[in-house]
There are 2 protein chains.
Amino acid sequence: MSDLVTRLRRHNWRITPQRRVIAETLEGSHVHFTAEQILERAVERMPELSRATVYNTLNEMVALGEVLELTLDGRSKRYDPNADHEHHHLICEGCGLMKDVHAMADPVDWLPGDERHGFSVTRASITYRGLCPECRTAAAEGAQA
Amino acid sequence: MSDLVTRLRRHNWRITPQRRVIAETLEGSHVHFTAEQILERAVERMPELSRATVYNTLNEMVALGEVLELTLDGRSKRYDPNADHEHHHLICEGCGLMKDVHAMADPVDWLPGDERHGFSVTRASITYRGLCPECRTAAAEGAQA
DNA sequence: ATCTTGTCTTAGACTTAGTCTAAGCTAGGA
DNA sequence: TCCTAGCTTAGACTAAGTCTAAGACAAGAT
Ligand SMILES: [Mn+2]
Ligand SMILES: [Mn+2]
Ligand SMILES: [Zn+2]
Ligand SMILES: [Zn+2]
């Protein structure tokens with residue numbers, strides 16, 4: 001896992017103090033934060049940091065291909081620094097808990113030519129849904145009562 | 001393709017004039033409309049129809065499992081009446097064009113047990129991305145110029 | 001036929017997520 | 001040092017969707 005700041009430096013892109021704090025906030029954790037959560041945490045280290053800079057910076061990192069933008073529900077977007085490792089996501093329909101997962105095959109291979117409508121298909125992402133252990137036991141108890 | 005109104009009637013759910021117009025607007029087409037687009041079109045047939053009713057009704061149809069809610073980008077949700085046919089989506093990164101596609105494998109089968117984090121995984125959807133024929137030729141011409 | 005009750009619909013206020021703008025601030029090059 | 005391009009900021013603005021309170025409607029009871 002080469003760290004995000006290192007990866008960002010490879011592009012000709014100024015690493016300002018604000019951008020560094022945002023990148024480190026995103027990198028340090030391994031969850032999938034919203035822009036607001038990143039702002040909240042980054043502001044602890046740099047209180048004058050603005051919301052606009054967080055949004056601008058995240059959009060730029062996505063455009064550079066170093067951060068993934070996930071829109072798994074209709075709520076806020078989530079940002080994933082793990083862009084250099086192909087992976088998919090498993091989401092709990094009860095509580096929203098999100099896990100990284102790795103499938104055993106590439107879904108692009110499962111799309112026959114006559115289903116491609118003339119597109120050049122470059123990538124595919126899978127969203128798995130289900131119930132996490134806690135939500136499952138909670139549901140079972142609820143049904144019992 | 002059993003029609004949406006028929007499927008909705010199977011649930012004990014009142015089919016009011018408003019709900020019928022919304023369902024028929026959604027069903028008639030085969031694209032993936034936003035709530036605003038549905039409102040726009042439905043209002044042509046029932047001018048007094050309100051935005052709140054469109055949103056309420058779409059949410060109810062989703063809860064009944066008869067309509068799919070798609071959140072493929074961070075913009076508005078899209079509503080898909082084709083909930084009784086398992087399928088996935090192919091999206092053009094240039095223009096947003098969206099096509100229904102059918103994969104040759106079920107992604108759930110390709111998620112090993114040790115990647116399930118104790119979840120009960122019930123379903124999976126694949127989002128394919130690429131460029132549609134028009135956007136591809138547009139991109140090629142742009143590169144040439 | 002009228003009443004009752006719960007459900008449905010409505011306009012518009014409100015919230016949330018995100019973008020835009022205009023001004024000031026830096027940092028690096030001439 | 002001065003210039004300039006790019007970066008950051010506060011706050012206004014927009015878009016998508018939810019909530020609320022009131023009225024309309026519909027089905028069953030009398
Ligand atoms: Mn991830
Ligand atoms: Mn579809
Ligand atoms: Zn859960
Ligand atoms: Zn296209």
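What the table shows:
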{"quantity": "Calculated on alpha-carbon atoms, Rg and Dmax of the stretch A:3-80 in Å", "calculated": "11.6, 33"}
{"quantity": "Cβ-isolated cysteines (cut-off 4.7 Å), chain A", "calculated": "A:CYS95, A:CYS135"}
{"quantity": "Label 7 Å beyond Cα on the Cβ vector: B:TRP13 copy-to-copy distances, nm", "calculated": "4.3"}
{"quantity": "Rule-of-thumb Rg ratio for the stretch B:88-144 [Cα; 2.2 N^0.38 Å; N residues]", "calculated": "1.61"}
{"quantity": "Ranking of B:ASP3, B:ASP100 by count of other Cβ atoms within 10 Å, fewest first", "calculated": "B:ASP3, B:ASP100"}
{"quantity": "Dimensionless Rg ratio for chain B, taking C-alpha atoms and the 2.2 N^0.38 Å reference", "calculated": "1.25"}
{"quantity": "Residue exposure sequence - B:GLU40, A:GLU141, A:GLU60 - by fewest surrounding Cβ within 10 Å", "calculated": "A:GLU141, B:GLU40, A:GLU60"}
{"quantity": "Residue order, fewest to most surrounding Cβ atoms within 10 angstrom, among B:TRP110, A:TRP13", "calculated": "A:TRP13, B:TRP110"}
{"quantity": "Peptide B:91-104, shielding by other chains (average Cβ, 10 Å cutoff)", "calculated": "3"}
{"quantity": "Interchain or long-range residues, amide H under 5 Å from B:PHE33's placed H", "calculated": "B:TYR79"}
{"quantity": "Amide hydrogen neighbours beyond the local backbone of B:HIS89, cut-off 5 Å, H modeled", "calculated": "B:VAL101, B:ILE126, B:TYR128"}
{"quantity": "The protein assembly as shown: radius of gyration and largest Cα-Cα distance (Dmax), Å", "calculated": "21.4, 69"}
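We did not get these values from a lab; they are worked out from the coordinates using the rules stated. Just so it is clear, the model here is predicted, and its values are computed rather than measured. Quick reminder, even Gly has a Cβ in these numbers, built from the backbone with ideal geometry, and neighbours come from all protein chains shown.
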